[in-house]
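The values are calculated or read from the model by the stated rules, or taken from the named source; none is laboratory data. Every value quoted in this text rests on a predicted model; they were computed, and no experiment measured them. Every residue, glycine as well, gets a Cβ built from its backbone with ideal geometry; the counts of neighbours run over all protein chains shown. The protein model used for the area step is the full one, side chains on, heavy atoms only, and it has no ligands, DNA or RNA in it. Shrake-Rupley method; radii C 1.70, N 1.55, O 1.52, S 1.80 Å.
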Amino acid sequence: MSGALASVVDLQLLGSVFVTLFVIMDPPGTVPIFLALTGSMTARQRVRAARQAVCVAFAVILAFAVFGRALLDYLHISLPALQGAGGLLLLLVALELLTGKDEAPGQAEGVNVALVPLGTPLLAGPGAIVATMVFVQRGHGRATAWVAIVIGVLLVHVALWLAMRFAGRIHRVLGEGGTTLVTRIAGLLLSAIAVQLVADAVRAFVAGQG
C-alpha cells in the first residue's frame with residue numbers, strides 16, 4: 001500500500017511542504033488576528049470571511065507555484081539564490097513570531113478584510129510564497145512532487161479555514177497564554193527551517209551550482 005502511494009505522491013516532500021507552510025502560515029496564530037479584524041461581524045459574516053480569505057490565499061500561492069519558475073527564468077535567478085533569499089526572509093518571519101507582533105493590522109474603510117490584509121499578505125505572505133516556489137524548484141517537475149505540493153498546500157489551507165471557522169472556540173480553549181506559546185514554538189521551528197535553507201544555498205554556491 002505504501003509503495004503504491006509513494007508512486008503517486010512524494011511523501012517526504014509532502015511532509016516538508018505541510019510542516020513548513022503550517023509553521024509559516026501559523027493557523028493557531030491567525031486566531032487572535034482574525035478575531036480582531038472581524039470583531040464587528042456577525043457569526044455568518046465571519047464564516048464567509050474565513051472562506052474568502054482561505055480561497056484568496058490558496059489562489060495566490062498556487063499562482064506562484066505554477067508561474068514562479070517562469071518568473072525565475074525571466075529574471076535569471078538561480079535556485080541557490082532563491083533558497084538563500086527565501087531563508088533570510090523566513091528568518092525575519094521567524095523573528096516576528098518569536099518576538100511577537102504588538103499590533104494587529106487595521107481595517108481600512110471600504111476594504112474587504114477577508115481579501116486584504118487577511119487573505120494576503122497575512123496568509124499568503126512573502127514567506128509562504130517563497131517557500132512554495134522553493135519546493136517547486138526542488139521537485140524538478142516530477143508529477144509525484146507536484147501532487148505532494150498541491151496536497152500539502154491544500155491541507156494547510158484546510159487547517160487555516162478550521163482555525164478561523166472555529167476561532168472563537170479555539171481562543172477560549174488556548175487562552176492568550178496558549179496562543180502565544182504556540183506562536184513562539186512555530187517561530188523556533190521556522191528559524192531552524194530558514195537556517196537550513198541558507199546553509200543549502202551556501203553549499204550549492206560553494207559547489208558551483210549557483
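Spin-label pair Ala207-Ala4: with each label point 7 Å from Cα along the Cα-Cβ axis, the two points sit 3.5 nm from one another.
For the stretch 125-210, what class follows from the C-alpha gyration tensor (a ≥ b ≥ c being the square roots of its eigenvalues): rounded when a/c is under 1.5, otherwise prolate if a/b is larger than b/c, else oblate? It comes out oblate by the Cα gyration axes. Summing Cβ point charges (Lys, Arg +1; Asp, Glu -1) relative to the Cα centre of the chain gives a dipole of roughly 540 debye. Overall, the ratio between the Cα radius of gyration of the stretch 129-173 and 2.2 N^0.38 Å, rounded to two decimals, is 1.55.
For the stretch 1-150, the solvent-accessible area of protein heavy atoms averages 51 Å² per residue (probe radius 1.4 Å; ligands and nucleic acids excluded). Applied to the stretch 35-46, the Karplus parametrisation 6.51 cos²θ - 1.76 cosθ + 1.60 on θ = phi - 60° returns per-residue 3J(HN,Hα) values of 5, 5, 6, 10, x, 8, 8, 7, 4, 5, 5, 5 Hz, with x for Gly and Pro. The calculated 222 nm mean residue ellipticity attributable to helices in the chain amounts to -26500 deg cm²/dmol, summing -39500 (n - 2.57) over DSSP H runs of n ≥ 4 and dividing by all residues. A Stokes-Einstein calculation at 10 °C with viscosity 1.306 mPa s, built on the Kirkwood radius of the chain over Cα pairs, returns a diffusion coefficient of 89 µm²/s. Computed in the context of the full set of protein chains, the accessible area of the chain at 1.4 Å probe radius has 67% of its extent on carbon or sulfur.
So what is the relative contact order of the chain, in percent, for Cα pairs below 8 Å that sit 6 or more residues apart? Computed value for the chain: 47 percent relative contact order.
In order along the stretch 145-160, the phi-based Karplus estimate (6.51 cos²θ - 1.76 cosθ + 1.60, θ = phi - 60°) of 3J(HN,Hα) comes to 5, 4, 4, 4, 5, 5, 5, x, 5, 5, 5, 5, 6, 5, 4, 5 Hz; Gly and Pro are listed as x.
For the stretch 7-62, the square roots of the Cα gyration tensor eigenvalues, ordered a ≥ b ≥ c, give a/c of at least 1.5 with a/b greater than b/c, which places it in the prolate category. Hydrodynamic radius of the stretch 23-92 by the Kirkwood approach over all distinct alpha-carbon pairs: 14.8 Å.
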